């Protein structure tokens, strides 16, 4: 039986790794079988032109998956507020705080500071232009979409701790990361770093929840209350 006050749980490294592994493998395979950034860009420019239907699917996948997680956690927050479930509400708010700090603010600071051109811009001769505040063509590094989804899938996997679910979430992350490369929005390194930022955001969530929510226990999912 669950105690009234849950003790801090260890970080679920296995589930985090399962979530990240499919995308890491995807990046590695692209590098091994196609090559570095320029070779990948040329390859997917050709494939995208030859398969417009696939390109449309990748575009919609890239566009909507982050919002699906935002909506899901928004519903969790609303339910927690209506039922006055404070631990659950705090958990949802910490999730959005992590998204704001890692997937938005940190990513934006790096993007603007680095000023690295997106793959399609590289094809047009663009070069690095640090501190390009308004020119989104220079905001390739790192991938914000990948960071946001990596954080969301890692957080969800850490809560439920089901290996099959963690793998499915990892495959979804791999699809999103691949779509950003396929659409010539990001290089391999952009997606890899975005994935790492998202993983760091999940560590932040776990740390903050363990410290501030004495009745929050990831091993007993708050969604089931």
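The values are calculated or read from the model by the stated rules, or taken from the named source; none is laboratory data. As the structure is a prediction and not an experimental result, all values here were calculated from the model. Reconstructed Cβ throughout: ideal geometry from the backbone, glycine too, with neighbour counts over all protein chains shown.
Screening region 30-41 for residues that are assigned to a helix (DSSP H, G or I) and in contact (Cβ under 8 Å) with a residue 40 or more places away in the chain and picking the one that is surrounded by the fewest Cβ atoms within 10 Å (Cβ to Cβ) gives 38.
Among the criteria (1) at pLDDT below 95; (2) under 18 Å from the mean Cα position of the chain (by Cα); (3) crowded, with 16+ Cβ neighbours inside 10 Å, the one residue 58 does not fulfil is (1). Just one residue in the set 140, 154 is surrounded by 23 or more Cβ atoms within 10 Å (Cβ to Cβ), touching a helix residue (DSSP H, G or I) at 6+ places or on another chain (Cβ under 6 Å) and part of a loop (DSSP other than H, G, I, E, B); that residue is 140. With the checklist (1) in a helix (DSSP H, G or I); (2) more than 13 Å from the chain's Cα centre (by Cα); (3) modelled with pLDDT of 95 or more in hand, flag the one item residue 103 doesn't pass. With (1) in a helix (DSSP H, G or I); (2) more than 13 Å from the chain's Cα centre (by Cα); (3) modelled with pLDDT of 95 or more applied to residue 103, the lone miss is (2). For region 56-85, filtering for residues that are assigned to a helix (DSSP H, G or I) and farther than 18 Å from residue 146 by Cα leaves 11. Out of curiosity, is residue 109 buried (at least 19 other Cβ atoms within 10 Å of the Cβ) and either within 19 Å of the chain's Cα centre (by Cα) or modelled with pLDDT of 95 or more (or both)? So residue 109 fails the test.
Restricting attention to region 15-29, the residues that are without any contact (Cβ under 8 Å) to a residue 12 or more places away in the chain and more than 12 Å from residue 158 (Cα to Cα) total 2. In region 124-136, the residues that are at negative phi and exposed (fewer than 10 other Cβ atoms within 10 Å of the Cβ) reach residues that are at pLDDT 90 or above and part of a loop (DSSP other than H, G, I, E, B) with C-beta atoms within less than 9 angstrom, at least six apart or across chains, in these pairs: 124/117.
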